[in-house]
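Notes for the one structure printed next.
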Amino acid sequence: MAQTVFITGTSTGIGAAAVRLFAQHGWQVAATMRNPADAKFDDLPTVRVYALDVTDGEAVTRVVQQAHHDFGGLDVLINNAGYGLVGPFETATDAQIQTQFATNVFGVFAVTRAVLPLLRSQKSGVIINITSVGGRTAFPMNSLYHATKFGLDGFSESLWFELAPFGIQVKVVAPGAVATDFATRSLQMTVDPTDDDNPYVGQVRTVLEAFSSRMSADKQSTAEQIAEVIYTAATDGSPQFRYIAGADAQQILTAKAQMTDEEYLSTTQQSFGLA
């Protein structure tokens, strides 16, 4: 019997690439997204698309149960849906902060909690949370995004312990820079970078320029490359917990491990032109 994977945030980017890769390997795929009209999986007969906003708790429960019924089971959950908030913390509105956490953290909580009874009953399953290199280290002007990804990393690590007795594996995949539209479609600012009266605007412009140079195509992974790492995490059967995805992510975390906190902060400050 074919295995089934439930993936959130599949309209584009890493999520869409993961849908295709799992389907190509013969998996049944429950692909969720806020607007099913964005789906491009008509050529994949083992894929079913479900409308889902992960911030809607009632919808999460309904869709998970529907997918379980449609496919007759569920083997892997991939929490991929994400949203990025960039800019000074001070200028973030309550609504922006709530949306950031509702999607990146509380959405993961909701989907995971809806899936857990199904995995426990079968005494098997894999939960993969897509975090980020930004869940292991921080960069300027991303405090709220990092708060969600650091939180998700810690959540996943603790969840590993409580689910292991039920035969359920918990893993995280932490990508670096990825050539997707995350930086446009899934990114919002807490401040207008053209507002010369804002006391942070100079830093914001400098950081955005630094990120732009860092995000050149030759320094990014493709969505398909990250999907390969996710597929490996789902299928390798190993006890490995954390998968660092992308050469840049590997380089950043290796360098950080060799420095004191103070050295890393100073080096990063300089690399972003903020010294």
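Among all residues of the stretch 186-206, there is none that is under 18 Å from the mean Cα position of the chain (by Cα), among the hydroxyl-bearing types (Ser, Thr, Tyr) and farther than 26 Å from Val64 by Cβ. Pairs meeting the criteria (first residue in the stretch 105-131 and farther than 22 Å from Leu85 by Cα and of a type in the set (S, T, N, Q), second residue surrounded by fewer than 18 Cβ atoms within 10 Å (Cβ to Cβ) and at pLDDT 95 or above, beta carbons under 6 Å, at least 6 apart or on different chains) are Ser124/Gly167.
Looking at this structure, is Ala67 among the hydrophobic types (A, V, I, L, M, F, W, C), buried (at least 20 other Cβ atoms within 10 Å of the Cβ), in contact (Cβ under 8 Å) with a residue 60 or more places away in the chain and in a loop (DSSP other than H, G, I, E, B)? Outline the logic, then answer.
On the way: among the hydrophobic types (A, V, I, L, M, F, W, C): yes; buried (at least 20 other Cβ atoms within 10 Å of the Cβ): yes; in contact (Cβ under 8 Å) with a residue 60 or more places away in the chain: yes; in a loop (DSSP other than H, G, I, E, B): no.
Here the answer is no, as Ala67 does not meet what is asked.
Being among the hydrophobic types (A, V, I, L, M, F, W, C), touching a Pro at 6+ places or on another chain (Cβ under 9 Å) and buried (at least 16 other Cβ atoms within 10 Å of the Cβ) narrows it down to one residue among Ala51, Ala17, Ala23; which is it? First the steps, then the outcome.
Numbers: Ala51 fails: buried (at least 16 other Cβ atoms within 10 Å of the Cβ); Ala17 fails: touching a Pro at 6+ places or on another chain (Cβ under 9 Å).
Within the list Ala51, Ala17, Ala23, the selection yields Ala23.
Of all the numbered requirements in (1) farther than 14 Å from Gly273 by Cα; (2) of a type in the set (S, T, N, Q); (3) surrounded by fewer than 17 Cβ atoms within 10 Å (Cβ to Cβ), Thr206 misses one, and that requirement is (1).
Among the residues of the stretch 17-64, those that are in a helix (DSSP H, G or I), closer than 20 Å to Asn104 by Cβ and touching a helix residue (DSSP H, G or I) at 6+ places or on another chain (Cβ under 7 Å) comprise Ala17, Ala18, Gly57, Val60, Thr61, Val64.
The values are calculated or read from the model by the stated rules, or taken from the named source; none is laboratory data. All of these numbers come straight from a predicted model, not from anything done at the bench. Neighbour counts are summed over all protein chains in view; Cβ atoms, including those assigned to glycine, are modelled from backbone coordinates with ideal geometry.
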